[in-house]
Every structure is written in C-alpha cells, then in structure tokens.
Amino acid sequence: MLKEVRRIELEELPEPEPSPNEVVVKVAYCGVCMTDVHIYNGSFSVKTPIILGHECSGIVSDIGKEVKQVEIGDHVAINPLISCGYCKYCLSGKVHLCENALVMGGAGKTIINGAYAEYVKVPEKNIIKFDENVPLKYAALTEPLACAIHGIELAEIGLGDRVAIIGAGPMGLMLTHLAVYKGASQVIVLDLKDERLEAARLMGASNIINPRKCNPEEVIKEITDNELVDIVIEAVGAPETVQDAFKYVKRGGRILIFGVPPKDALVNFSPFNIYFNELKIVGSYALTPNSFLKSAKLISKGRINFNYIITETYPLERLNEAIRKAEKGEGLKKLIKVH
C-alpha cells in the first residue's frame, strides 16, 4: 500500500469478492514499471493510500456467477485498463483513450487498487488465458509488451526502414525486438549504459551507440550514408532525449514519443522544422485490447526472449527496494514474486 510519496507499507486487507462479471486472480508475478516510479516519487500525483502494480499474471481463484470464459485454476494475465464501453472513444474503437477508464494500479485519471497484492479482481473482459506450460513470470509481461506493440504499430515501420531507439531499458529492448520483426533494415539503439546496449545487441540491434563516448548524430549520419533515420522512437521519457530525436530523423520521417515523461515536463522545438521537414510526431499511450491479444500470442509461442530483459525478482516485502533500484536505473526489468 502506497501511503504517501516514497512510503510503501504492507497491510492486511479483506480478500476481494467478485461481482457477477468479475474474476479474482491470485497474483503470481507483478512487474515494476517506470509508471510505478513516477507515482512513488510524486512526479505523477495520485490519491493515497493506493495499491500500485499493473503488469501481472496469476491463477484464477474465484469467479462471478456471470463469468463464462474463465474458470478457477486458469493461468492468466490482466489488462489493467478497464474501459466503460459507451463513451465516444470506446464506441469508435479507441478504448484505451476511454473517458471513464479505471486503471488498475497504474497512471490514469481514475486509479483503483493494483496487483502488488496477494489477490486482485478485474472484469472478465480484462483477462487473457495462458496454457500452463507458459511461465507465469513471462505472462506477467503481457501488458508492457502490449504497450510496445501498440507503439510499434503507431510508428508505422515498413520493410527496409531505418529506426533509431533512444533508451535500452526494458521497454526499449522490447521495442528493439519488435522493430526487427517488422523488417527494419537498421535498428540503432542509444543508451548511456554499455550493459544495456549489449542487451540491445542480443535483442537484434544492428548498431549500438553510447552518447557519452561519441557524437551520436555524427555516428548515425555515418552509418546511414548521411541520410539519418526514417523513424525515431523515444523510450526514455526525458525532455532532453525528446529534443535529441529531432537530430536523428530525416526529412519526411516520424518521431514516436513512447517514454513516460514527468507530468510537468516541457520541450522546446521549432514548429518551422516540423513544417519544413514534414515530420510526423505521435504519442503512444498504454495498450489496446488488440495489442494485448497479440502480446499474449507472441508470449505463448515463445517469440519474445525475456531472458535478457528480466534481471531481478523480489518478494513483495522488498517492493520499496525494487522501485528505488528501478528509479536509479539499476538492472533492467524487476519482477515482484507474490505467490
């Protein structure tokens, strides 16, 4: 339970009881996300007390009387974005932008208790099942991978495109893997940590760049025959790296803002540059039901190698420590093992 900024405490709560269309999940794993860090340190303010955690997997422990597709004992992952189904965004198919959305333990206008807990309940429509042979620690990453899939689709990568990805954290590595799958001729990954760049290389990056050791703009020009890249994906969430994206993209190119910035962050850019170079800039928020389904399929078939991404597992009692290490950029993906 997040009691206040930078203070999480264990607390006993009643086991949740499902409404007719709800499912209760006994949580197995929950991934630590940079959204958790922003909420934990106060850069994204929320009403406390609240249970965080939204990247989770587990085993169904109870179901409501109207639940039809899920049974007790099923291995599942949870889509934490609960849409209303009737606002103009939901009716137009953009349910991830729902005006009345509830977000389980993550960032949103209305946040409900999340999955850093022994049990959590959600509507049946937010559950996806896995075969029991799929490791639950991988199933826990269905949500972040779905976010990466949504971003990659918005980036509109075509066969032969040159792509630069700024940031080789867990999300940057997933984006790297997916960009390779989409048929990019070059996937250039930038990060300040050599160990993360090595992980990016193992995930399929064609070129890796540490901006502390060179002028990245000059290197990118050199390895692209002075053409720069078709698409830049910013996966850090810092104003400085958003501005850097404009240096690496060619005329007529695209910039995807994927990283989660502080809520009050501002960036200076030239509108003339966007106009004259006909740049397309797009943001990528959360996931869609379709990207969630695609993510589950990729994980079920073993198409994503998470071994280079997951670096640590902690018990629930050490959640404070895990979030603080994520805040410092130590290691890569951290999982909280609940059961």
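The values are calculated or read from the model by the stated rules, or taken from the named source; none is laboratory data. Please read these numbers as outputs of a predicted model, since none were measured by experiment. Glycine gets a Cβ as well: all are built from the backbone with ideal geometry, and neighbour counts include every protein chain shown.
Tabulated values for the structure
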read-out	value
Strands (runs of 3 or more DSSP E) within segment 102-195 that include 3 or more residues more than 29 Å from GLU12 (Cβ to Cβ) and at pLDDT 95 or above	127-130, 162-166, 186-190
Number of the exception - ALA199 against (1) among the hydrophobic types (A, V, I, L, M, F, W, C); (2) touching a helix residue (DSSP H, G or I) at 6+ places or on another chain (Cβ under 8 Å); (3) not in a helix (DSSP H, G or I)	(3)
Of all residues in segment 210-233 being farther than 10 Å from TYR248 by Cβ and assigned to a strand (DSSP E or B), the one that is farthest from the chain's Cα centre (by Cα)	ASP230
Sole residue being surrounded by fewer than 22 Cβ atoms within 10 Å (Cβ to Cβ), under 30 Å from GLU17 (Cα atoms) and under 18 Å from the mean Cα position of the chain (by Cα), chosen from GLY114, GLY108	GLY108
Scope segment 307-333; condition within 19 Å of ASP191 (Cα to Cα), touching a residue at least 60 places away in the same chain (Cβ under 8 Å) and surrounded by 17 or more Cβ atoms within 10 Å (Cβ to Cβ); matching residues	TYR308, ILE309, ILE310, ALA326, LEU332, LYS333
Some residue of segment 196-203 being within 15 Å of the chain's Cα centre (by Cα), over 22 Å from PRO261 (Cα atoms) and modelled with pLDDT of 95 or more	no
Tally of residues being without any contact (Cβ under 8 Å) to a residue 60 or more places away in the chain and either among the basic types (Lys, Arg) or within 30 Å of ALA265 (Cα to Cα) (or both) across segment 43-76	4
Index of the failed condition, ALA77 passing every other in (1) hydrophobic (A, V, I, L, M, F, W, C); (2) buried (at least 23 other Cβ atoms within 10 Å of the Cβ); (3) out of contact with any Cys (no Cβ under 8 Å at 6 or more places or on another chain)	(3)
Residue check for ALA140: under 29 Å from LEU279 (Cα atoms), of a type in the set (Gly, Ala, Ser), crowded, with 18+ Cβ neighbours inside 10 Å and touching a residue at least 12 places away in the same chain (Cβ under 8 Å)	no
Pair list, Cβ under 8 Å, 6 or more apart: segment 107-120 residue over 23 Å from TYR314 (Cβ atoms) and without any contact (Cβ under 8 Å) to a residue 12 or more places away in the chain, other residue charged (D, E, K, R) and surrounded by 19 or more Cβ atoms within 10 Å (Cβ to Cβ)	none
Meets criteria (surrounded by fewer than 19 Cβ atoms within 10 Å (Cβ to Cβ), of a type in the set (S, T, N, Q) and under 30 Å from GLU327 (Cβ atoms)) for THR48	yes
Scan of segment 202-238 for residues that are of a type in the set (A, V, I, L, M, F, W, C) and touching a helix residue (DSSP H, G or I) at 6+ places or on another chain (Cβ under 7 Å), ordered by number	LEU202, MET203, ALA205, ILE208, ILE209, ILE220, LEU228, VAL229, ILE231, VAL232, ILE233, ALA235
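Yes/no matrix, rows are residues, columns are (1) within 25 Å of LEU159 (Cβ to Cβ); (2) buried (at least 19 other Cβ atoms within 10 Å of the Cβ); (3) acidic (Asp, Glu); (4) in contact with an Asp or Glu (Cβ under 8 Å, 6 or more places away or on another chain):
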{"position": "GLU195", "(1), (2), (3), (4)": "no, no, yes, no"}
{"position": "MET203", "(1), (2), (3), (4)": "yes, yes, no, no"}
{"position": "LEU228", "(1), (2), (3), (4)": "yes, no, no, no"}
{"position": "ILE233", "(1), (2), (3), (4)": "yes, yes, no, no"}
{"position": "LEU256", "(1), (2), (3), (4)": "yes, yes, no, yes"}
{"position": "GLY259", "(1), (2), (3), (4)": "no, yes, no, yes"}
{"position": "PRO271", "(1), (2), (3), (4)": "no, no, no, no"}
{"position": "SER284", "(1), (2), (3), (4)": "yes, yes, no, no"}
